[in-house]
1. Let me cross-check GLU339: its accessible surface, 1.4 Å probe, with only protein heavy atoms counted, in Å² to the nearest 10?
2. Using the alpha carbons of region 194-406, what is the convex hull volume per residue in cubic angstrom, as a whole number?
3. Using R₀ = 41 Å, calculate the FRET efficiency as 1/(1 + (r/R₀)^6) where r is the Cβ-Cβ separation of VAL270 and LYS296; round to 0.05.
4. Calculated FRET efficiency, MET107 and ARG307, Cβ-Cβ r, R0 51 Å, to nearest 0.05?
5. Which whole-number value in Å² is the accessible area per residue of region 178-217, probe 1.4 Å?
6. To the nearest 10 degrees, how steep is helix 174-187 against the longest Cα principal axis of the chain, on a 0 to 90 scale?
7. Give the residue from ILE350, PRO286, CYS324 lying farthest towards the positive end of the charge dipole for region 278-380; charges sit on Cβ (+1 for Lys and Arg, -1 for Asp and Glu) and the dipole is referred to the Cα centre.
8. Report, largest value first, the span of the C-alpha coordinates of region 212-282 along each principal axis, in whole Å.
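The values are calculated or read from the model by the stated rules, or taken from the named source; none is laboratory data. Values in this document were obtained by computation on a predicted structure and should not be read as measured data. Cβ placement follows ideal geometry from the backbone for every residue including glycine, while neighbour counts extend to all protein chains displayed. All accessible areas refer to the heavy atoms of the entire protein, side chains included, with ligands and DNA or RNA removed. Shrake-Rupley method; radii C 1.70, N 1.55, O 1.52, S 1.80 Å.
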Amino acid sequence: MTEAMTDLSGKRVLLGVTGGIAAYKAAELVRGLRKAGADVRVVMTSGATRFITPLTLQALSGWPVRQDLFDPAHEAAMGHIELARWADLVLVAPATADFMARLAAGMADDLLTTLCIATETRVFLAPAMNQGMWRNPATRDNAAVLGRRGIGLWGPAEGDQACGETGPGRMLEADELVLRTARVLKEGTLGGVRVLLTAGPTREAIDPVRYITNRSSGKMGFALAKAFRNQGAHVELVSGPVDLSPPAGVELVSVEQAVDMESAVMERVVGCDIFVACAAVADYRPVKVAHHKIKKDSESMSIELTRNPDILAGVTALRDRPFCVGFAAETQHPEEYGERKRISKGVDMIAANLVGGDQGGFERDENALTVLWEGGCTFLPMSDKGRLAEALVQQIVERYEANSIEDPRSPPR
Ligand code: C5P
């Protein structure tokens, strides 16, 4: 870890510590955050104080540790709402299954949950628990709910556990949490990450004035590009013809036909970390493009079509491929068809949506998505495409980071 990467000078981190054995690592975490230059205030749940003393974290943070929502002395110095406003980032490490459940339920029954609900800044949890508790459907559901609300989950990692078992549930190491905190505060969650997106329809020429296209507006792809950029990613957007301006800070490459989109993607995909295929690529194109306008001489005519390249399949087939996300526009059973597509296309994640009729999707400002990945799925309810894009990016970030942890050959960035 280089010093430049972990510079937290002037940054204010509110560290929540909840009651699990990993709470002992909070001491190292406070030291690491302080060493990087952060001003750290610690809030402990009563369970946490059974594993590590408030005095230890007070000595290391340089500030009294807060535990009680109704402590008149502390409330007089800095009330809980002020504390919630004070933080540039809230990190709860370790976050127990119980804490996640209370937060997911929207409870504010102690100081830490109250702060997490009151704060307008980003909240990250570093879960730590027995692997069975992490795998329990209640915890999985709570994690999904928290993710949908924009709360980031860092970890857990897999490995040996204090209880003697092995599996997912270990808290990320303090160094890793300091690194991630620095990255979010300096550059956004995706600082240093390269994202390539396709968006919009393609336009397949028949002759110089006519073409085949579809109803895609490009709105979802453009909203995703913006959401990725807001998280600090470097974003390149390869788009078919749309009536939209590129979000500030996003590199736009305009193309017309699928074959041009494919070339533009293949030229840029090397070294990219995340690829999102949002474009509604025409499946077929005319075999021959007439040089001049076709005259209406005959009563009928036919156009011979040939298959277009599958751009997403081309990217997933690469040896050193990025984390790949595809879309599936379905008129029925989005979960079932989406899952089939996820497997057949070999992508890491599929965002399936219903199109046609009164549903969201093409040409609409709103949409709803069923997001599927290996071993998991979540539903992002109907909302405007800007909000939906933010929620989807959140899901992508989580899976992307989890993949980096699961695959030690590609360490988290
Ligand atoms: O096979 P289908 O068209 O339903 O797959 C949809 C997904 O594949 C979308 O993510 C779309 O952007 C991508 N795709 C592509 N190139 C094609 C067709 C689809 O990248 N020729």
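1. 60 Å²
2. Numbers: hull volume 28.6 nm³, N = 213.
Spread over its residues, the Cα hull of region 194-406 gives 134 Å³ apiece.
3. Working: r = 46 Å, r/R0 = 1.13.
Between VAL270 and LYS296 the formula returns 0.30.
4. 0.40
5. Numbers: 1360 Å² over 40 residues.
Spelled out: the 1.4 Å probe surface of region 178-217, per residue, equals 34 Å².
6. So the helix axis and the longest Cα principal axis differ by about 50 degrees.
7. The residue sitting most towards the positive pole is PRO286.
8. Per principal axis, max minus min of the Cα coordinates gives 36, 25, 15 Å.
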